[in-house]
Amino acid sequence: MEQAYGGAVIIDNKLMNTGTLPGAEFGHMVIQKDGIQCNCGKRGCFEKYGSMKAFKDNLRKALGYDEKTRGQELFDIIRKNKNTPENKNYDLIENIVQEYVNNLAIGISNLINIFEPQAICIGGSFVYFEEVLLNRLKQELLKPNMLFNMRDNIIIETAILGNDAGIIGAVCHEEAF
Ligand SMILES: [Zn+2]
């Protein structure tokens, strides 16, 4: 199935009109010059770093799991990853999670700098990993120099938009929910 990684911008309760083209292709915003090849033809696109597919693929690869390993299993692995002497994979898993959160924050910070939205909505399978990712993402976004205009807090809503829906649901503005 073709996966969609697009986004949407809602301003004053209206979807931003991009004419006859879909627009809001946040997934193809370059966040890494000469980075990973994307199927759109460019390199270093946000979706190659910030999508849940990229995150889960990286985890599976690092742990030597095949691609059939389910999201639930990966979620449990992250949730139970504690820094104990018995856990040899702690750093490996922790680094992948941190790298993912950092990349996701870079892409989202670009969007926040442009739109200064009231809230960000993230859909797709991120929702199922909310417990292990959401707070870390917020913390990352609130670090000094991440956003052009510093904020005290950032509202990130998660929404199930249907199976395999896009990574970044929408950049919302004013009563958009
Ligand atoms: Zn691309």
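The values are calculated or read from the model by the stated rules, or taken from the named source; none is laboratory data. Owing to the predicted nature of the structure, the values given are computational and were not obtained by experimental measurement. Here the Cβ is made from the backbone with ideal geometry for all residues, glycine too, and neighbour counts use every protein chain on show. Ligands, DNA and RNA are stripped out before the accessible areas are found, and what is left, the full protein with its side chains, is counted by its heavy atoms. Shrake-Rupley method; radii C 1.70, N 1.55, O 1.52, S 1.80 Å.
Looking at (1) closer than 30 Å to ASN145 by Cβ; (2) assigned to a loop (DSSP other than H, G, I, E, B); (3) within 16 Å of the ligand (Cβ to nearest atom); (4) open to solvent by 60 Å² or more (accessible area, probe 1.4 Å), can you tell me which one ALA24 breaks?
Single failed check for ALA24: (4).
Could you tell me how many of the residues in segment 105-116 are touching a helix residue (DSSP H, G or I) at 6+ places or on another chain (Cβ under 8 Å) and either acidic (Asp, Glu) or free of Cβ contacts under 8 Å to residues at least 60 places away in the same chain (or both)?
Going through segment 105-116 one residue at a time, the tally reaches 3.
Could you list, in sequence order, the residues of segment 112-152 that are in a loop (DSSP other than H, G, I, E, B), open to solvent by less than 10 Å² (accessible area, probe 1.4 Å) and closer than 16 Å to ILE11 by Cα?
Hit for segment 112-152 is PRO117, nothing else.
Kindly indicate whether any position in segment 89-104 is β-branched (Val, Ile, Thr), without any contact (Cβ under 8 Å) to a residue 24 or more places away in the chain and surrounded by 12 or more Cβ atoms within 10 Å (Cβ to Cβ).
No; the residues of segment 89-104 include none that is β-branched (Val, Ile, Thr), without any contact (Cβ under 8 Å) to a residue 24 or more places away in the chain and surrounded by 12 or more Cβ atoms within 10 Å (Cβ to Cβ).
Examine segment 27-47 for a residue that is among the aromatic types (Phe, Trp, Tyr) and open to solvent by 20 Å² or more (accessible area, probe 1.4 Å), and state whether such a residue exists.
Checking segment 27-47: not a single residue is among the aromatic types (Phe, Trp, Tyr) and open to solvent by 20 Å² or more (accessible area, probe 1.4 Å).
Do we have ILE120 as away from the ligand (no atom under 16 Å from the Cβ) and closer than 23 Å to PHE148 by Cα here?
yes
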